[in-house]
Structures are given as C-alpha cells and as structure tokens.
Amino acid sequence: MQVRQGAVVGVVVAGALALASCAGATPETSNSGDAMTPGAMVSQSPDVMTGSGGPTVVAEQLNFTATDVATGASVDGASLAGKDTILWFWASWCPICQSEAPAVVAAAAQLPDGVTLIGIPGRSDVASSQGFIDGYGVGGFEHWYDDDGSIWSTFGVPTQPAFALINDDGTVQTVPGALGTSDILAAAQKLLDS
C-alpha cells in the first residue's frame, strides 16, 4: 500500500509542476519593457563559421531543422543566420500562450522592416498546433514545429511562453515569459539598432 501511495504522490507532484510551468507569467498588452532588462535574459555566445563569402556569424542554436506547420516542408534554422529574428515559443494547450496571442499578432503587424517573427510551437502535436494557429489568428507569420523539444532545449526554454531574440551579428538572447505588444516591438527595434 505504501508503494502505491508514493506513486500517487509522484503523479500529483508531476502534474502540479506541469501546470506551474504554464502559470509563471501573465501577458500584458502593454507594459514597461521590464522583461527586456538584462537580468531577464539568457545571453548566448555565437559561433563563427567561415563561408566562401568571408566570415559569417552563425549562432550555435541555429543548427536545427523543423517542420513548417502550414506547408509541412522541412526548414533549416541556419537560414536565419545574418537576420534579425524573434522566435516565439508556445504550446497549443497553454492558457498564457492563448491569451498572449493577440499581443503577438498586433506586434507582428507592426514589426519594422528587417525583423522577422517565427512561432516555435511544441509540447503537443502538429494538428493541435494548427488548431491554435487557426483559432487564435496567428497565421500571419510562419510557425516551425519542434517535434522533439530539441529546439526549445537548444535555446534554453524550459517553459512556455518564451522568446528568443536572434541578432544579425549572431548573438542570441532568450527571454522567458510572456511579452506584450510594446515589448516585442521594443525588442525588434533593439535588434535593428545593434
């Protein structure tokens, strides 16, 4: 009987941890940008790879492949090298991601030229991810499905939502938690300015 109670306690603890991972932050449609302070970011160093046209800075995290949710085509993370890009990590079942979606859509519509936004759904299946894209109106930009969690892991994303800011110089900053429209736009401008 004691082994059985231990197993039940283990299941309850695991369930509580899973729910807590999605409940750590609340999205805001406009906020002061505190999420962009250096203390809230995880900085990643770039790797330099030499190509035929001279040195090209490629962040180590960009060495991945994923599946474009809309087309089913394979996409290569290295295609983002030299481009200012914001990755949005989300899960279809996550209530914070669901409530954050309108802010992300609003930001995507206002992104400055030269900055790309790509969703990185995971922790569910492609059909559920497509349902989220359709249901929450986030189909105005690409979504690359992370089928095994390796992309999330490479960017240091333990829970959703989160963002990764990929600078064209090869540096990457991972921002945990939800961001409002103004924060996403401020991050985009920071990428362009640096």
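The values are calculated or read from the model by the stated rules, or taken from the named source; none is laboratory data. Remember, it's a predicted structure, so these values are computed and weren't measured experimentally. Every residue, glycine as well, gets a Cβ built from its backbone with ideal geometry; the counts of neighbours run over all protein chains shown.
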Among (1) at pLDDT 95 or above; (2) small (Gly, Ala, Ser); (3) surrounded by 16 or more Cβ atoms within 10 Å (Cβ to Cβ); (4) farther than 21 Å from Asp84 by Cβ, Ala127 falls short only on (3)
May I ask you to say which residue of Phe141, Phe89 is closer than 19 Å to Thr65 by Cα, in a loop (DSSP other than H, G, I, E, B) and of a type in the set (Phe, Trp, Tyr)? Phe141
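Answer yes if at least one residue in region 83-91 is farther than 18 Å from Gln173 by Cα, at pLDDT below 95 and either small (Gly, Ala, Ser) or surrounded by fewer than 20 Cβ atoms within 10 Å (Cβ to Cβ) (or both), and no otherwise.
Taking region 83-91 and keeping what is farther than 18 Å from Gln173 by Cα, we get 91.
Narrowing the set further to residues that are at pLDDT below 95 leaves none.
Within region 83-91, not a single residue is farther than 18 Å from Gln173 by Cα, at pLDDT below 95 and either small (Gly, Ala, Ser) or surrounded by fewer than 20 Cβ atoms within 10 Å (Cβ to Cβ) (or both).
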Being touching a residue at least 24 places away in the same chain (Cβ under 8 Å), assigned to a helix (DSSP H, G or I), surrounded by fewer than 22 Cβ atoms within 10 Å (Cβ to Cβ) and out of contact with any strand residue (DSSP E or B) (no Cβ under 8 Å at 6 or more places or on another chain) narrows Pro102, Pro112 down to just Pro102
Across region 153-169, the tally of residues that are surrounded by fewer than 22 Cβ atoms within 10 Å (Cβ to Cβ) and touching a residue at least 60 places away in the same chain (Cβ under 8 Å) stands at 7
Just to be sure I understand, how many residues within region 150-164 are part of a loop (DSSP other than H, G, I, E, B) and in contact with a Ser or Thr (Cβ under 6 Å, 6 or more places away or on another chain)? 3
